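The values are calculated or read from the model by the stated rules, or taken from the named source; none is laboratory data. Being a predicted model, the structure only gives us computed values, none of them experimental. Quick reminder, even Gly has a Cβ in these numbers, built from the backbone with ideal geometry, and neighbours come from all protein chains shown. We work out accessible area using only protein heavy atoms, side chains counted, and drop any ligands, DNA or RNA first. Shrake-Rupley method; radii C 1.70, N 1.55, O 1.52, S 1.80 Å.
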Amino acid sequence: MHHSLPSTVEVREVGPRDGLQNEDPIPVDDRVRLVDALSGTGLSRIEAASFVRPEAIPAMAGAEEVMARIDRRPGVVYSALVPNARGAERALAADADELQVVVSASETHNRKNVRRSVDESITGVGEVVGLVGHEGDRPVEAIVSTAFGCPYEGDLDPAGVAAVTLRLIEQGVDRCSFGDTTGMATPRRVDELLDALEDVGLVATDVGLHLHNTRGTGLANVLAALERGVTRFDASIGGLGGCPYAPGATGNIVTEDLVHMLADMGVDTGVDLDALVAAAHLAQDLVGRELPGQVMRAGPRWNTVSA
Ligand code: COA
Ligand code: ZN
């Protein structure tokens, strides 16, 4: 049944950014410790910070310091999220290896998130690409958020999501990922989005997925995407994230839960599961609340006796 799954998958760790931005702020030193623990697990891509207005996201203040103090392991790509050209200038000065820009497929969500129209954001992506172009070989990735539905507008036409994607590619982004910002995705929605992207010429290997586990469908969505040939997934250690003020809210899909499932299915991620579980416990200690990761609690193997 699974003979057609990809043999390798790239897991990008986004806990230090998407996870921590939704937790109560923790000190820069602790953010640096977390990134360094993660880079020791075999993960090759880590979203380490975001260069947004500190007034907008207090937990991401001090992004420059985080980038300056982490121990840069050769072979690991340390990326940063930027909301605009000002953020891109900061990220380049801090020597981020790769930049993520976010544009919502939904007009309403985009305005709430970055106070701009989708058109303005797409133009802004062009400015970011232009800035980065002068600084050598640093890829820019666009994350199309609310790609599986919008909390304000409800269902979005997948063809509309694909159209926004094409406009981002026209602005010169190097690759695209699709964000399930509020956990609306199901395997059906994953299939429908991949169909719509295919209709405009984007194949599975052009697609990255940024899934959240808000409604418990995260790994089911991963499997649906794997069966279509998708090989790039974002995840956060321990399931960091969600919102401390919204009971029941959860973050991204859980890195170690994802790696555990992939490993058992023979899909290579290059990541050491035991090291990830240790990093998940560190993350839990740093934020001081129980994280939703399940493998970190149950143990990575059936015969593991939990301490
Ligand atoms: N980093 C630091 N400061 C920034 C900045 C950035 N990336 N972008 C703008 N600013 C500063 C400006 O310099 C200006 O400062 P001044 O008042 O001292 O001159 C001030 O912020 C207002 O600029 P403006 O362009 O009007 O920004 P805004 O207030 O409309 O905010 C965003 C727009 C996008 C910068 C802000 O909403 C933001 O950072 N949002 C984060 C969204 C996010 O991370 N969401 C989660 C991930 S998808
Ligand atoms: Zn996210």
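The table that follows gives values for the structure above.
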read-out	value
Choice from Glu153, Glu47, Glu89 with maximal GNM fluctuation in the chain (Cα, 10 Å cutoff)	Glu153
Surface accessible to a 1.4 Å probe, per residue, for the residues of the chain, Å²	42
Calculated [θ] (222 nm, deg cm²/dmol) that DSSP helices of n ≥ 4 give over the chain, each run adding -39,500 (n - 2.57)	-11500 deg cm²/dmol
Difference of contour (0.36 nm per residue) and Cα-Cα distance, Asp195 to Val77	39.5 nm
Stokes-Einstein D in µm²/s, Kirkwood radius over Cα pairs - the chain at 4 °C with 1.567 mPa s viscosity	68
Size of charge dipole - the chain - debye, nearest 20, with Cβ of Lys, Arg +1 and Asp, Glu -1, no other charges	460
Residue among Asn221, Asn113, Asn252 with the largest mean-square fluctuation in a Gaussian network model of the chain, springs linking Cα atoms under 10 Å	Asn113
Only Lys, Arg (+1) and Asp, Glu (-1) charged, at Cβ; the range 8-133 dipole about Cα centre in debye	140
Within the accessible area of the chain (1.4 Å probe), percent carbon and sulfur	50
Which of Val203, Ser106, Ser4, positive extreme of dipole for the chain (C-beta unit charges)	Ser106
FRET E, pair Asp268, Ala93, Förster distance 45 Å, beta-carbon r, rounded to 0.05	0.80
Percent of beta bridges antiparallel (DSSP, the range 10-298, rounded to nearest 5)	5
Added length on full extension, which subtracts the Cα-Cα distance from 0.36 nm per residue, Asp24 to Asp155	44.1 nm
Value of relative contact order over the range 10-298, rounded to a whole percent, pairs C-alpha under 8 Å and six or more apart	19
Label-point separation in nm, Ala56 to Arg289, each point 7 Å along Cα→Cβ	2.3
Student exercise, the range 159-256 dipole from Lys, Arg, Asp, Glu Cβ charges, in Debye to nearest 20	260
